[in-house]
Structures are given as C-alpha cells and as structure tokens.
Amino acid sequence: MRFRWSNFILFLGYLFLYFPLVCIVIYSFNESRFVASWTRFSLKWYKTLLSNPIILRAAVTSLKVACLSATVSVVLGTMVAIIITRFKRFRGKTIFVGAITAPLVMPEVVMGLSLLMLFVGMEKIFGWPVGSGTTTITIAHITLTLSYVTMIVQARLHDLDMTLEEAALDLGASPLKVFFVITLPMISPAIVLGWLLAFALSIDDVVIASFVAGPGATTLPMIVFSSLRFGISPEINALATILMTVLSIGVIIFAVWVHRKESKVRSGK
C-alpha cells in the first residue's frame, strides 16, 4: 500500500511539472490563433516562426552567446575547481571562493545593474567594450554560469581517488600528462554536465541580458518576454516546442553517454 501511495505522489509531481509543457506542445500544432479553442492539426505556426526574421536573428544571437559563454565557463570553472580542491590552503582562499560562489545567491537584478555600471565605467576608462551588445551579454553570462560549473566540477573532484594520480606521478608522468590522461577523462561527465547547465542558463536568461544588451543585440528570451505583453502567440508555443525538443535530445544523449562510460568503468575496460 505504501509503495502504491508513493507512486501516486510521484505521478502527481511529474504531472504538476510536465503537464503545462505538454499543453504547450499540443497547442503549437493548433491552427487557431486562440489558445482556448482547438480547431485542427496544423504546422502553420512553425512555418510562420521559420519565416520570422526577428525571431531567427534573436535565436542565432542566443545560440552564439550560449555556446561561447558555456565553453568559456567550463574552461575557467574547471581551472577554479582544481585550484579550490587541490590547493588546500593559500592566502585569500576564503575571499576567492566567496567571489566565485556569489552569483549563486545574488539576485539577477543586482547582477545586471552592477554589470551594466561596470561596462559603462570600463568603456569610459579603457574604451572597451564599445557600447552594449553580444560581447557584454557573453561576459555577463560567463559571470553568471561560472559559479555553477565550478560547483559541479568541484563536487566531482572531491569524489576522485587521488591514489591514481599519485601512482602516475610516482611512475614518472608529468603533472600535465596526469591531468589530461587520468584526471580529465574521469571528470569529463561533470564537465559536460556543467556545459549543458551553463548553456541552458545562458539561453534562458532574460533579466541580466535586458540590462547589458544594446539595441543591436536582442536575445531570444527578450523577444519572447516582450511578445507576451500582447498575449500568448502560437509562434511562441512552436518556439518553446523546438527548444524543449533540442534540449531534451541533448540531455538524453548525455545520459546515454554517461551510462556507457560508467558501464565500461565497472567492467574494467
């Protein structure tokens, strides 16, 4: 009886989380413009979406920013995680860790305003960045996602068996070779997970981007947020369906890859 009750509670939880997403997918194929009424199945809004230059331009900008910021965050976050984990004590470590983890608890409105003031001051003093645009959005998103990647990779490094690295060093391998041959493959699932999380946070952000984006750079969430003021458009449902499909495929591929990697480790291959 307890087992059935727990399954029922689990079902309600999944229903609460995913039923609105299912509704968005269903109504993206509705021919009617009104969400409350279903007429018939149609791909009309997908065709309209793909012929909308404003949304397509914003989608390209968001993908560029998300890929670049996620990649830079993974590189910097991995380096920071190694410093925090491997170097137990150094002067200023507490301040260093606090500065890295601050975006985790900092309101995005405060981050957006502070980054805007920083970019304005840098432009006056150094002449860079010139205006607000893709560069400022990318830097802001790196600042936002760096702490998340650091925490994920740091947790993985804490669970590693350091005797493997020490054995490789005793056998004459250089620290750089140990990192690329032993450490990096072992923490690769955490790195990929950090990249996916950073990509999702970047492509989903609207608050910080609204502060630091200039007139020449508009991201996809900003377009979606501005269009909601005039009501929910079926084009937005189609766009949300495409984004959910792409991200779901990425998560499934990552899960399969991690499962195969863990199976090889357990089998000793």
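The values are calculated or read from the model by the stated rules, or taken from the named source; none is laboratory data. Predicted model only: the values in this text are computed from it and were never measured. Glycine gets a Cβ as well: all are built from the backbone with ideal geometry, and neighbour counts include every protein chain shown.
Summary of computed values
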quantity: Single residue of 178, 258, 192, 206 found to be touching a residue at least 12 places away in the same chain (Cβ under 8 Å) and within 29 Å of residue 120 (Cα to Cα); calculated: 206
quantity: Enumeration of residues in the stretch 51-60 that are free of Cβ contacts under 8 Å to residues at least 40 places away in the same chain, assigned to a helix (DSSP H, G or I) and either surrounded by 13 or more Cβ atoms within 10 Å (Cβ to Cβ) or over 24 Å from the mean Cα position of the chain (by Cα) (or both); calculated: 53, 56
quantity: Residue check, residue 208 under 30 Å from residue 63 (Cβ atoms), in contact with an Asp or Glu (Cβ under 6 Å, 6 or more places away or on another chain) and either in a helix (DSSP H, G or I) or β-branched (Val, Ile, Thr) (or both); calculated: yes
quantity: Condition met for residue 230 (at pLDDT below 85 and under 30 Å from residue 133 (Cβ atoms)); calculated: yes
quantity: Out of 100, 125, 139, sole residue that is out of contact with any helix residue (DSSP H, G or I) (no Cβ under 8 Å at 6 or more places or on another chain) and of a type in the set (Val, Ile, Thr); calculated: 125
quantity: Hey, residue 80 closer than 17 Å to residue 202 by Cα, assigned to a helix (DSSP H, G or I) and among the β-branched types (Val, Ile, Thr) or not; calculated: no
quantity: Helices (runs of 4 or more DSSP H) wholly inside the stretch 108-191 containing at least 3 residues that are modelled with pLDDT of 90 or more and either in contact with a Ser or Thr (Cβ under 9 Å, 6 or more places away or on another chain) or crowded, with 19+ Cβ neighbours inside 10 Å (or both); calculated: 108-126, 134-158
quantity: Some residue of the stretch 22-33 being under 22 Å from the mean Cα position of the chain (by Cα), touching a residue at least 12 places away in the same chain (Cβ under 8 Å) and over 30 Å from residue 234 (Cβ atoms); calculated: no
quantity: Residue that is farthest from residue 162 (Cα to Cα) [pool: residues in the stretch 72-103 that are small (Gly, Ala, Ser) and touching a residue at least 60 places away in the same chain (Cβ under 8 Å)]; calculated: 73
quantity: Members of the stretch 214-263 found to be exposed (fewer than 13 other Cβ atoms within 10 Å of the Cβ) and touching a Gly at 6+ places or on another chain (Cβ under 6 Å), listed by number; calculated: 216
quantity: Residue check, residue 45 surrounded by 14 or more Cβ atoms within 10 Å (Cβ to Cβ) and farther than 18 Å from residue 145 by Cβ; calculated: yes
quantity: Yes/no for residue 66 being touching a residue at least 24 places away in the same chain (Cβ under 8 Å), closer than 19 Å to residue 209 by Cβ and either in a loop (DSSP other than H, G, I, E, B) or hydrophobic (A, V, I, L, M, F, W, C) (or both); calculated: yes
quantity: Single unsatisfied condition, residue 221 versus (1) more than 18 Å from the chain's Cα centre (by Cα); (2) closer than 29 Å to residue 115 by Cα; (3) modelled with pLDDT of 80 or more; calculated: (1)
